[in-house]
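> The following block contains the structure, expressed as structure tokens.
Just so you know, all these numbers are worked out from the coordinates, no wet-lab data involved. Every value quoted in this text rests on a predicted model; they were computed, and no experiment measured them. So basically every Cβ, Gly included, is an ideal-geometry build from the backbone, and we count neighbours across all protein chains shown.
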Amino acid sequence: MNPNGTAPPSRPRDPDFYAGYTRFEIECEFVQSLSNPLYIQHLALNKYLDDPAFIAYLAYLDYFRRPEYLKFLLYPGPTLRALELLQQEQFRKDAVTPALIEAMALEGFEAATAGTQV
């Protein structure tokens, strides 16, 4: 309420602005989370990977392959690989398998530490 007891005028909602973030920022954050094998398993266990609308959304996010968007990804290799794998029905079914998730995590760790000496 204003000091004179009236409500402030409402602002029109910007359809590309959510809780202080742009749609692009939210999509960029989400797509990067796909580079985490445990998050992929979470999506599979909670049946998101069975939802055709969610699969369509993943396909839409493929725009991050384009150079003008690719530059915003912190981990482009694992992120884009996850997007590619998630388009395969068999991978989506297998994503609940602990052995697959463990292998993906190990592969990511090995790639991240390649060339370093312990």
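> Using unit Cβ charges (K, R positive; D, E negative) and no other charged atoms, how large, in debye to the nearest 20, is the dipole of the range 26-118 about its Cα centre?
Details: 7 positive and 12 negative charges, 23 e Å.
So the dipole magnitude of the range 26-118 works out to roughly 120 debye.
> Where Lys and Arg each count +1 and Asp and Glu each count -1, what net charge lies around Ile101 among other residues with Cβ under 11 Å from its Cβ?
Working: positive: none; negative: Asp94, Glu102, Glu107.
Summing Lys/Arg as +1 and Asp/Glu as -1 gives -3.
> Here's another thing I want to ask about it. What percentage of all Cα-Cα pairs in the range 17-112 are separated by more than 15 Å?
Details: 2765 of 4560 pairs.
For the range 17-112, the fraction of Cα-Cα distances above 15 Å is 61 percent.
> Further question on the same structure: Highest mean first, how do 45-56, 81-92 rank when packing is the count of other Cβ atoms within 10 Å averaged over residues?
Ranking, from highest mean packing down: 81-92, 45-56.
> Continuing with this model, one more query. Given a Förster radius of 30 Å and the C-beta distance between Ala112 and Gln88 as r, what FRET efficiency does 1/(1 + (r/R0)^6) yield to the nearest 0.05? If you can, show how the numbers build up before the last one.
Details: r = 24 Å, r/R0 = 0.79.
Between Ala112 and Gln88 the formula returns 0.80.
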